[in-house]
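Single-structure report; data block below.
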Amino acid sequence: MQSILFVCLGNICRSPLAEALFLQHVIEQNLSEKFSADSAGTAAYHLGELADTRTRSTALKLSNLNLTHKARQFESNDFLAFDFIVAMDKINYQNIMKLRPENARAKVLLMRHYDSTIKNEDAIPDPYYGNENDFEKVHHMLNDCTKNFLKELMRNNIRIIS
């Protein structure tokens, strides 16, 4: 089984939604025995909290997903526990890499690199200070990216340990 950790800043907007969407695609493809997922934040702002209410309402409205994940902070041990760590933007990517231990096994990626509509973009924008439309845009981006990421994992049967 391959394990994926999605990471954003506070683990209440982008990463819990990416986790839920990815797992929804996994279930739809009958791949539950092949993949597991979790999410975390690089900052400790919202530890133990559910996802932002706007993220939860958008997930329910657009994908019929009930988000129950509680925010947790990314830690260096995650490099040993997961095969892939998927950052939502370059700042979080850099914060993740600062904690990378010498014996890390996880491959660190940027989520937006799996966007089929836009090339050369690195960030899934943080909708936290935005409006409902911003949350919906992020939902659509993450739905596309997580679907394409799963396709890439299946197509290449990626088994990277680095």
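Since every read-out is calculated from the coordinates, none of them should be taken as a lab result. In this text, all values refer to a predicted model and were calculated from it rather than measured experimentally. All Cβ positions, glycine included, derive from the backbone under ideal geometry; neighbour counts span all protein chains shown.
Rounded to the nearest 5, what is the percent of antiparallel bridges among the DSSP beta bridges in the chain?
5
Quick check: residue separation of Ala43 and Asp122 times 0.36 nm, minus the Cα distance between them. What number comes out in nm?
Stretched fully, the Ala43-Asp122 segment lengthens by 26.5 nm.
Compute, for segment 2-156, the length of the dipole vector about the Cα centre, with Cβ point charges of +1 (Lys, Arg) and -1 (Asp, Glu) only. Units Debye, rounded to 20.
About 180 debye.
At most 14 other Cβ atoms within 10 Å and a DSSP loop assignment: could you name the trypsin sites (Lys or Arg not before Pro) in segment 1-60 that fit?
Lys34
Taking amide H positions as placed 1.01 Å from N in the peptide plane, with prolines and chain starts having none, which residues 5 or more places from Ala37, or on another chain, fall under 5 Å of its amide H?
Hits under the 5 Å cutoff: Ile4.
Once a ≥ b ≥ c are taken as the square roots of the eigenvalues of the Cα gyration tensor of segment 1-93, is the result rounded (a/c under 1.5), prolate (a/b larger than b/c) or oblate (a/b not larger than b/c)?
Because a/c hits 1.5 or more and a/b fails to exceed b/c, segment 1-93 counts as oblate.
May I ask for the net charge around Arg112, where only other residues with Cβ less than 9 Å from the Cβ of Arg112 are counted and Lys, Arg are +1 while Asp, Glu are -1?
With Lys, Arg at +1 and Asp, Glu at -1, the net is -4.
Going through the cross-link list Lys34/Lys61; Lys90/Lys119; Lys70/Lys119; Lys34/Lys147; Lys61/Lys107, which pairs have a Cα-Cα distance over 23 Å in this structure?
Lys34/Lys61; Lys70/Lys119; Lys61/Lys107
Just in segment 97-162: which trypsin sites (Lys or Arg not before Pro) are loop by DSSP and have at most 14 other Cβ atoms within 10 Å?
Arg105, Lys119, Arg159
By a straight-distance test (C-alpha under 12 Å), which aspartates and glutamates pair with Lys98 as possible cross-link partners, with residues fewer than eight away in the same chain excluded?
Output for Lys98: Glu75.
Using 0.36 nm times the number of residues separating Ile27 and Ala81, minus their current alpha carbon distance, what extension gain do you get?
17.3 nm
What is the extension gain from Arg155 to Gln94, computed as 0.36 nm multiplied by their sequence separation minus the C-alpha to C-alpha distance, in nm to one decimal?
19.2 nm
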